Amino acid sequence: MQRVDAPEILDSDGCSPADAQAALTVLGRVNRWFGGVTTTQKMVERACRATRTKQFSMLEVAAGLGELPELVRLNLARCGINLQVTLLDRAQSHLPVKNGAISRNEGIVADALAMPFANGAFDLVSCNLFAHHLNAQQLTQFVREGLRVSRCALLINDLIRHPLHLSLAYAGYPIMRNRIAWLDGLTSVRRAYVPEEIRSIFSTALSAETGATVEISRNYLFRMGVIVWKCPPEKC
């Protein structure tokens with residue numbers, strides 16, 4: 001199955017704030033039910049074990065409503081791990097509204113490829129369902145920018161392109177019940193990467209990054225977890 005890159009409705013200026021919030025709410029449900037939350041949580045837990053640290057600051061890029069990092073934060077808190085989350089998205093209309101369930105998180109509007117933070121501003125930089133929006137050149141730029149802003153690692157949670165995954169996405173409309181989320185879901189699967197492509201792209205992106213290494217895992221229902229270590233974990 002070849003990768004087909006195409007724009008998604010949520011990325012367009014034609015998507016109203018109300019439509020964006022409705023579609024992002026559905027995507028939150030998809031993350032809860034189909035491996036999104038657990039994939040990011042496993043990566044943060046891996047960072048905890050590797051660094052022997054139980055307190056992290058984390059920037060969530062392309063955060064949308066921020067439900068996923070908030071659920072991860074709550075789950076980890078039960079295990080004694082303190083995760084302080086900052087949200088970043090390119091559109092104000094994607095971020096949580098005031099007085100919402102996750103309004104405790106700080107939201108910043110900025111470009112993920114040129115983030116307005118100092119070097120090493122956060123322990124971890126994380127993203128969910130964002131990498132497939134980028135072509136190889138943009139993905140290379142994002143990896144370098146994510147590593148610049150992080151002190152420890154960049155965490156990438158994304159889909160794996162596969163014909164069966166596309167079939168499941170087609171069948172998922174009764175669960176989603178939102179046309180924008182469903183259509184964007186089909187586009188997302190078609191433009192998603194496979195682990196071998198990610199490894200190849202990142203080998204180029206990290207050629208100048210001394211000490212940077214990559215771990216890739218396959219997770220439930222065609223989810224991929226990628227940890228890009230800025231340096232050996234024991235030195236973070």
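Derivation of every value follows stated rules applied to the coordinates shown; laboratory data play no part. Please read these numbers as outputs of a predicted model, since none were measured by experiment. Cβ coordinates were reconstructed from backbone atoms using ideal geometry, including for glycine residues, and neighbour counts include every protein chain displayed.
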query = Okay, helix-only estimate at 222 nm for the chain: each DSSP H run of n ≥ 4 adds -39500 (n - 2.57), divide by all residues, round to 500 deg cm²/dmol; what do you get?
reply = -12500 deg cm²/dmol
query = By how many nm would the segment from LEU164 to ALA208 lengthen if fully extended, with 0.36 nm per residue of separation less the alpha-carbon distance?
reply = 12.2 nm
inquiry  = On the principal axes of its Cα set, how long, how wide and how thick is segment 152-236? Give whole Å, largest value first.
reply    = 47, 22, 20
task = Calculate the spin-label point distance for ALA121 paired with ARG32, positioning each point 7 Å from the Cα along the beta-carbon direction, and give it in nanometres.
result = 3.1 nm
query = For the chain, treating each Cα as an identical point scatterer without solvent, what Debye log10 I(q)/I(0) comes out at q = 0.07, 0.09, 0.13 1/Å?
reply = -0.20, -0.34, -0.74
ask   = Using the 10 angstrom Cβ neighbour count as an exposure proxy, how do GLU60, GLU197 rank, fewest first?
value = GLU197, GLU60
request  = Mind checking which of ILE160, THR140, ALA22 is farthest towards the positive end of segment 9-235's charge dipole, using Cβ charges of +1 (Lys, Arg) and -1 (Asp, Glu) about the Cα centre?
outcome  = ILE160
ask   = If each of GLN138 and SER217 carries a label point 7 Å out from its Cα toward its Cβ, how far apart are those two points in nm?
value = 2.8 nm
query = Stretched out fully, how many nm does the piece from VAL4 to LYS235 gain, at 0.36 nm a residue minus the Cα gap?
reply = 79.2 nm
request  = Please count, across the chain, the pairs of lysine residues with Cα atoms under 29 Å apart that sit 8 or more places apart or on different chains.
outcome  = 5
query = What order do you get for ASP5, ASP123 when you list them from fewest to most C-beta neighbours inside 10 Å?
reply = ASP5, ASP123
remark   = Exposure proxy check on SER126, SER57: fewest-to-most Cβ neighbours within 10 Å is SER57, SER126
Beta bridges per DSSP with both ends in the chain, % antiparallel, nearest 5 = 40 percent
task = Report relative contact order for segment 9-235 in percent, whole number only (criteria: Cα-Cα under 8 Å, sequence separation at least 6).
result = 22 percent
ask   = Can you list the cysteines of the chain that have no other Cys Cβ under 4.7 Å away?
value = CYS15, CYS48, CYS79, CYS127, CYS231
